[in-house]
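Remarks on the structure that follows.
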Amino acid sequence: MMEGENNFLDTQYNGARLSGQGAGMPRSPRAEKAREKRSDRDFIFGKLIGEGSFSSVYLAKDIHTSQEYAVKVCDKEHIRRERKVQQIIREKDVMNILNDRWCVTAPFFVKLSYAFQDVAKLYFVMTYCKNGELLNLIQRVGNFDREGARFYAAEMVRALEHLHSLSIIHRDLKPENILLDEQMHIKITDFGCAKILSAEEVEEATGPEEPARGGGGGGGGGRKSSFVGTAQYVSPELLSGKPCGPMADIWALGCILYQMVSGLPPFRSKSEYFIYQKIQKLEYEFPPGFCNDSRDLVTKLLVIEPEQRLGAHDPPGRYTALRSHPLFSDLDLDDMQNRKPPKIAPFLSQGDEEGHWKKRRNLADVSEEERVLRMVEQEKTNKWNKFVEGNLILKQGLMDKRKGLFPRRRMFLLTSGPHLYYIDPVNLVLKGQIPWSSTLATEAKNFKTFFVHTPNRTYYLEEPNGFALEWCKAIEEVKAFYFPTTTTTTTTTTTTTTTGART
């Protein structure tokens, strides 16, 4: 790394307050002065909430305002060694543009409040989204019903309209990069792969008869594109090195919509090479029961030629063809930020009394081919895979495990085998697993609390989101598969049991 590039990196992070931060929020002179400059000493750092290849994200509290933020901490030496300087600078530039051109009808992006540095690290202080990633929500419920899928797809369309109107392409849109705030609205993050189109590239992308800024206009973008993105969501033009325009994000939208409805991405295989082959051949299929409106929209978004994708010829910054699709009927996309997100429920195929989707998600009786595909997907996308000893994760979620008077937050993983692992999610340590036997039984006390009875111990568990009954049912279904001669013993009780008897 050249010395000039090192100096350039340092001068980009001088501790100044970011433009556009806190606009429209009057503050006292003392508070305003306190916000002018920040360092790591101005924050109390809490738990680790995310990790990347050269960064860690922590929950932190501003000591001056008590406001919570997500702080991305990047190792400068690692950035230089891996030649990621331009990527970091581009991420900051994109977030500054979004701050300066904030749109009240498309507030679906994390805000960068501060950027500063010390000798060894860079710090991004950003919006904290307490409900985590969209991917985690998909994995938790398996797949969305029509209302849930169309709501989040509509918010993504509105977000992309605004992003593309600023001549910015995300280029790595995927469920991991879509966060959920306290009200369960989306916040798009991670702009390290983004591209800010030049005036020339915008003109080539929109064509000679189109206005010179914005979201429509084929898939062009001037010079050939360098490869960026994630295998399951990357567009065909990026794979072939062709010029990349806004339609690359629209392709990713089609992949995400498919995943919300089915539970898995449309293109998946044992290796990235075979995934790329499937993308270039448009080789995917819809599982039984796929919602008709969602199916139609996915088909119109996952098109090899970018200029043939739905919305490619729409006016800049407004995807009229997408807005008028039947999936979004009676939705005002300019008012999505004011709508209450629907309660996410899994989709059940109407032609199957047992619930086709639910059965495939919660039971271990999947075909060998599907098991292999799901394992490949799990190994690539699920951070908990390393703890499950090669078993397929059927259900996962955070719960409080009580022993005596002291609850401990643990990540529980119900897998094939059968196994029920529990992990310390902060220190990422496997703490143990609940032993299986033909006499294992669940008991739901209420919507949040349930017990798992084993011959030598009863486990007292609290599911904070009110899904205790779902956990009981999933555990019993796995038990019924592996111990078919036993009877289901789930009970529901409202009686009070002392914790001393439940150790």
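The values are calculated or read from the model by the stated rules, or taken from the named source; none is laboratory data. Everything numeric in this text was worked out from a predicted model, so none of it was measured. Glycine gets a Cβ as well: all are built from the backbone with ideal geometry, and neighbour counts include every protein chain shown. What goes into the accessible areas is simple: the full protein's heavy atoms, side chains included, and nothing from ligands, DNA or RNA. Shrake-Rupley method; radii C 1.70, N 1.55, O 1.52, S 1.80 Å.
In this structure, residue 231 does not satisfy being at pLDDT below 95 and open to solvent by 10 Å² or more (accessible area, probe 1.4 Å). Only one of the listed residues (72, 47, 61) is of a type in the set (D, E, K, R), open to solvent by 40 Å² or more (accessible area, probe 1.4 Å), modelled with pLDDT of 95 or more and assigned to a strand (DSSP E or B). That residue is 61.
Just for the range 86-130: of the residues that are open to solvent by less than 20 Å² (accessible area, probe 1.4 Å) and assigned to a loop (DSSP other than H, G, I, E, B), which one is nearest to residue 67 (Cα to Cα)? Top of the filtered list is 129. Residues of the range 338-352 that are open to solvent by 40 Å² or more (accessible area, probe 1.4 Å) and either in contact with a strand residue (DSSP E or B) (Cβ under 8 Å, 6 or more places away or on another chain) or at pLDDT 95 or above (or both): 338, 339, 340. Is it fair to say residue 264 is at pLDDT 95 or above and under 24 Å from the mean Cα position of the chain (by Cα)? Spelling it out, it is not the case that residue 264 is at pLDDT 95 or above and under 24 Å from the mean Cα position of the chain (by Cα). Scanning the range 283-299 for residues being open to solvent by 70 Å² or more (accessible area, probe 1.4 Å) and touching a Gly at 6+ places or on another chain (Cβ under 8 Å) gives a total of 1. Mind counting the residues in the range 321-332 that are surrounded by fewer than 18 Cβ atoms within 10 Å (Cβ to Cβ) and either of a type in the set (Phe, Trp, Tyr) or in a helix (DSSP H, G or I) (or both)? Number satisfying all stated conditions: 2. Can you confirm whether the range 141-162 contains a residue that is aromatic (Phe, Trp, Tyr) and part of a loop (DSSP other than H, G, I, E, B)? Yes, the range 141-162 has at least one match.
Got at least one residue in the range 200-221 being among the polar types (S, T, N, Q), out of contact with any Pro (no Cβ under 6 Å at 6 or more places or on another chain) and modelled with pLDDT of 65 or more? Within the range 200-221 (the criterion being among the polar types (S, T, N, Q), out of contact with any Pro (no Cβ under 6 Å at 6 or more places or on another chain) and modelled with pLDDT of 65 or more), the answer is no, since none of the residues qualifies. Number of residues in the range 75-95 that are at pLDDT 95 or above and of a type in the set (A, V, I, L, M, F, W, C): the value is 2.
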